[in-house]
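Peer 1: Please find one structure pasted underneath; my questions will follow.
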Amino acid sequence: MPSLEFTLMVGCPLKCTFCPEDTLRGLYGKNTKYFSLDDFRTVLAKVPKHVRIDFSGMAEPWANPDATAMLRHTLESGYNMAIYTTLYGMEPEDGQTVAGLIRDHAAQVEVVCLHLPDRNGNMRGWKYSPVYEANLI
């Protein structure tokens, strides 16, 4: 199945040691940090329905404050999805909404991959918080 990967922001606060984001960041320019919901809707409207939409790329999707709205729009538009996330930036209400969307659209969600911090500190920007724990559970 063809897929289209969306990177929802330039730069990533997690600073994973294995990610090439630092190298690529200079290629994006400095005018935009977040992919806007309006731009996302414009792009998605041009994507055929047989293409799976992947929230992944070179940044944590939920570091973008519009990620939950983008997820809702994608699923309600009838696309299949893959979600790769660390949960970083996901607010408590986002966690509940995302869980509900995944449940309600289970047939469309092909992959949910949770990238957890490791004991070697490879996710240098990750910080524990009670909100992270609540979303994880």
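The values are calculated or read from the model by the stated rules, or taken from the named source; none is laboratory data. In this text the structure is predicted, and so the values were computed from the model without any measurement. Cβ: placed from backbone, ideal geometry, glycine included. Neighbour counts: every protein chain shown. Accessible surface areas use protein heavy atoms only, side chains included; no ligands, DNA or RNA. Shrake-Rupley method; radii C 1.70, N 1.55, O 1.52, S 1.80 Å.
Peer 1: Would you kindly compute the Cα radius of gyration of region 51-92 and its largest Cα-Cα separation (Dmax), both in Å?
Peer 2: Taking only Cα atoms of region 51-92, I get Rg and Dmax of 10.1, 30 Å.
Peer 1: Just subtract the alpha-carbon distance of V47 and M1 from 0.36 nm times their residue separation and send over the number in nm, one decimal. Present the calculation step by step, with values, prior to reporting the outcome.
Peer 2: On the way: separation 46, 0.36 × 46 = 16.56 nm, distance 1.34 nm.
Separation in residues times 0.36 nm, less the Cα-Cα distance, equals 15.2 nm.
Peer 1: Something else: Report the accessible area of L116, computed with a 1.4 Å probe over the heavy atoms of all protein chains in place, in Å² rounded to the nearest 10.
Peer 2: 90
Peer 1: In nanometres, what is the gap between the two model label sites at R119 and R103, each 7 Å from Cα along Cα-to-Cβ?
Peer 2: 3.4
Peer 1: Just the number please: accessible area per residue for region 45-137, 1.4 Å probe, all protein chains included, in Å².
Peer 2: Heavy-atom accessible area per residue stands at 53 Å².
Peer 1: On to the next question. I'd like the distance separating the alpha-carbon centroids of region 67-86 and region 95-137, in whole Å.
Peer 2: Spelled out, the Cα-based centre of one part sits 14 Å from the other.
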